[in-house]
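*Asks:* Attaching a single structure in structure tokens format; questions to follow.
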């Protein structure tokens, strides 16, 4: 366990919904869901007022509307979210070049190196939060510790507008007391399996050998064995490579006709191609996602030995895939296309001289 690093995880609070409430005063104080509609789609983000009713991201819109009858649905404005995200990132870069975005609304920062010479990682986090509020009129929560896993875990503890420090001397106690379902990377299915094995917190997890954890959970078992002991040496990577680029659409009315299905896939392919051009990326695996009216989801992929770069490539491979799918008597609510096995143009980065900071 390396106790010398100072890692921050900054996470914006209910980001998409908070931007909507900021830009539309009529939404302030109301339960807001970004994405979908009352009848269709999936909630992309929920305001804290909506979360009090049990509404969360990735929930089907119809379920969310049942839980919160006065829920206000708002269409997402990704350009607005991206603009705010760029403002926040520019603040991060004032403190360190080691910034690893996880999404538009969260990032890791390695402040072991500090451009401003501030003697404490906690003071840096407080200053960043203050600047984000002043610049964007939005709140963020911060986690501070010696590695990425601990910093991310800490940022969730006092949301919204919180700040939590897990100093080196408290790491083992924190991990042993942490409920297993709170471990980042342990989903509902894995947590249920762990419960059945008598594993309810980090202390229980530490009683299992690495060999037994691998036997039960595959290579993830090795990760669980090390993470509960505070061993997470992953660097904060400013050149973190995106694994896939995709586009999808949820329809107001189920699709049943193959011509209509293919027409929608063509539109999605065009959106995907524009996103690939914007990020200057290509890839070698194309995947089509289909979600049926009963919420059953299937994916079909094809990998080729050349870079998928042009719209004609996407359409050609898309045609090969859908020709192998039986669309008779189907009702489709969502379609998506993604490209993975990406090739990116790499950017180089330089590290500053390392300094020793207090937490």
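Per-residue answers, yes or no, for (1) crowded, with 16+ Cβ neighbours inside 10 Å; (2) over 28 Å from residue 239 (Cβ atoms):
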site: 124; (1), (2): yes, no
site: 136; (1), (2): yes, no
site: 144; (1), (2): yes, no
site: 161; (1), (2): no, yes
site: 183; (1), (2): yes, no
site: 193; (1), (2): no, yes
site: 198; (1), (2): no, yes
site: 208; (1), (2): yes, yes
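*Asks:* In this structure, does residue 149 turn out to be surrounded by 15 or more Cβ atoms within 10 Å (Cβ to Cβ), out of contact with any strand residue (DSSP E or B) (no Cβ under 8 Å at 6 or more places or on another chain) and more than 13 Å from residue 9 (Cβ to Cβ)?
*Replies:* no
*Asks:* Within the range 16-51, work out how many residues are loosely packed, with under 14 Cβ neighbours inside 10 Å and farther than 27 Å from residue 88 by Cα.
*Replies:* Residues meeting the conditions: 1.
*Asks:* Something else about it: If we keep just the residues of the range 272-285 that are in contact with a strand residue (DSSP E or B) (Cβ under 8 Å, 6 or more places away or on another chain) and buried (at least 19 other Cβ atoms within 10 Å of the Cβ), which is farthest from residue 343 (Cα to Cα)?
*Replies:* The residue in question is 272.
*Asks:* Listed residues 260, 248; which is farther than 30 Å from residue 97 by Cα and in a strand (DSSP E or B)?
*Replies:* 248
*Asks:* Of the residues 113, 139, which single one is modelled with pLDDT of 95 or more and assigned by TED's automatic domain parsing to the domain that holds residue 20?
*Replies:* 139
*Asks:* Further question on the same structure: Could you tell me whether any residue of the range 139-162 is part of a loop (DSSP other than H, G, I, E, B) and under 14 Å from residue 91 (Cβ atoms)?
*Replies:* Yes, because at least one residue in the range 139-162 is part of a loop (DSSP other than H, G, I, E, B) and under 14 Å from residue 91 (Cβ atoms).
*Asks:* Continuing with the same structure: Which residue, of 268, 332, 321, 288, is within 21 Å of the chain's Cα centre (by Cα), surrounded by 15 or more Cβ atoms within 10 Å (Cβ to Cβ) and at pLDDT 90 or above?
*Replies:* 288
*Asks:* In the list 167, 119, which residue meets the criterion of being surrounded by fewer than 22 Cβ atoms within 10 Å (Cβ to Cβ) and within 26 Å of residue 185 (Cβ to Cβ)?
*Replies:* 167
Residues checked against (1) modelled with pLDDT of 95 or more; (2) assigned by TED's automatic domain parsing to the domain that holds residue 108; (3) over 30 Å from residue 308 (Cβ atoms); (4) out of contact with any strand residue (DSSP E or B) (no Cβ under 9 Å at 6 or more places or on another chain):
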position: 185; (1), (2), (3), (4): no, no, no, yes
position: 190; (1), (2), (3), (4): no, no, yes, yes
position: 195; (1), (2), (3), (4): yes, no, yes, yes
position: 199; (1), (2), (3), (4): yes, no, yes, yes
position: 207; (1), (2), (3), (4): yes, no, yes, yes
position: 211; (1), (2), (3), (4): yes, no, yes, yes
position: 217; (1), (2), (3), (4): no, no, yes, yes
position: 223; (1), (2), (3), (4): no, no, yes, yes
position: 237; (1), (2), (3), (4): no, no, no, no
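*Asks:* Are there any pairs, at least 6 apart or on different chains, whose C-beta atoms fall under 6 Å, with the first in the range 2-15 and at positive phi and the second in a loop (DSSP other than H, G, I, E, B) and surrounded by 24 or more Cβ atoms within 10 Å (Cβ to Cβ), and if so, which?
*Replies:* Once the first residue is at positive phi and sits in the range 2-15, its partners that are in a loop (DSSP other than H, G, I, E, B) and surrounded by 24 or more Cβ atoms within 10 Å (Cβ to Cβ) give 14/47.
*Asks:* Check whether at least one residue in the range 201-212 is part of a helix (DSSP H, G or I) and closer than 25 Å to residue 58 by Cβ, and report yes or no.
*Replies:* No, the range 201-212 has no match at all.
*Asks:* Separate question: Could you check the range 68-89 and list, in sequence order, the residues that are surrounded by 11 or more Cβ atoms within 10 Å (Cβ to Cβ), farther than 16 Å from residue 34 by Cβ and more than 17 Å from the chain's Cα centre (by Cα)?
*Replies:* Residue satisfying the conditions is 87 alone.
*Asks:* I need the full set of residues from the range 291-312 which are out of contact with any helix residue (DSSP H, G or I) (no Cβ under 9 Å at 6 or more places or on another chain) and surrounded by 13 or more Cβ atoms within 10 Å (Cβ to Cβ), in order please.
*Replies:* 291, 292, 293, 303
The values are calculated or read from the model by the stated rules, or taken from the named source; none is laboratory data. Note that this is a predicted model, so its numbers are computed, not measured. Counting neighbours? That spans all protein chains shown, and the Cβs are built from the backbone with ideal geometry, glycine included.
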